[in-house]
Amino acid sequence: MAKQLYVNLPVKDLPRSVDFFTALGFSFNPDYTDENATCMIVNDDAFVMLLVEPFFASFLPSDATPGSGNGVIMSYSVDSREAVDDTIRKALAAGGSESQDAKDYGFMYSHSFRDPDGHVWEVMWLDPAGAPADMPAPQ
């Protein structure tokens, strides 16, 4: 049985976040949606729970605050290099901002954006043929 992955992210304005990610083509599970949270569907086994900040904070130890911990970069793949660029255009048009310049490694192409709450999302295309056999290991 495949394990399911749930990433929990704090957001300031839940309707704004839903509108933003809907513009990028994501859908939401209405069974796990209320005024405090929604479940964004990435695929059959991966989900992003967008939680309004006070609700998100209720899951943290009492001495922690949202955003005070380690940073996270969410990455997801798309079907082509063009789809990477198209997703970035949609993210910028929907209220996001560019995080870093596009990176082209030949076998992998990526670009990243920040959503309206400042979370970094990397969108990538991976060549189905994989990395070249003679490519040096990352340092």
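Descriptive notes on the structure:
- A simple spin-label model places the labels of ALA46 and PHE59 1.7 nm from each other, with each point 7 Å out along Cα-to-Cβ.
- Given R0 = 25 Å, the distance between the Cβ atoms of ASP31 and TYR76 translates into a calculated FRET efficiency of 0.65.
- Phi angles across segment 18-25 convert, under the Karplus curve 6.51 cos²θ - 1.76 cosθ + 1.60 with θ = phi - 60°, into 3J(HN,Hα) values of 4, 4, 4, 6, 5, 4, 8, x Hz, Gly and Pro given as x.
- Partners of LYS12 within straight-line reach, counting aspartates and glutamates whose Cα lies under 19 Å from its Cα and excluding those fewer than 8 residues away in the same chain: ASP34, GLU35, GLU53, ASP115, ASP117.
- Neighbour counts of C-beta atoms inside 10 Å place ILE41, ILE73, ILE88 in the sequence ILE73, ILE41, ILE88, starting with the fewest.
- What the Cβ-Cβ distance of ASN8 and TYR105 gives, at R0 = 25 Å and to the nearest 0.05, is a FRET efficiency of 0.25.
Every number in this text was worked out from the coordinates using simple rules, so none of it is lab data. For clarity, every value in this text was computed on a predicted model and none was experimentally measured. Reconstructed Cβ throughout: ideal geometry from the backbone, glycine too, with neighbour counts over all protein chains shown.
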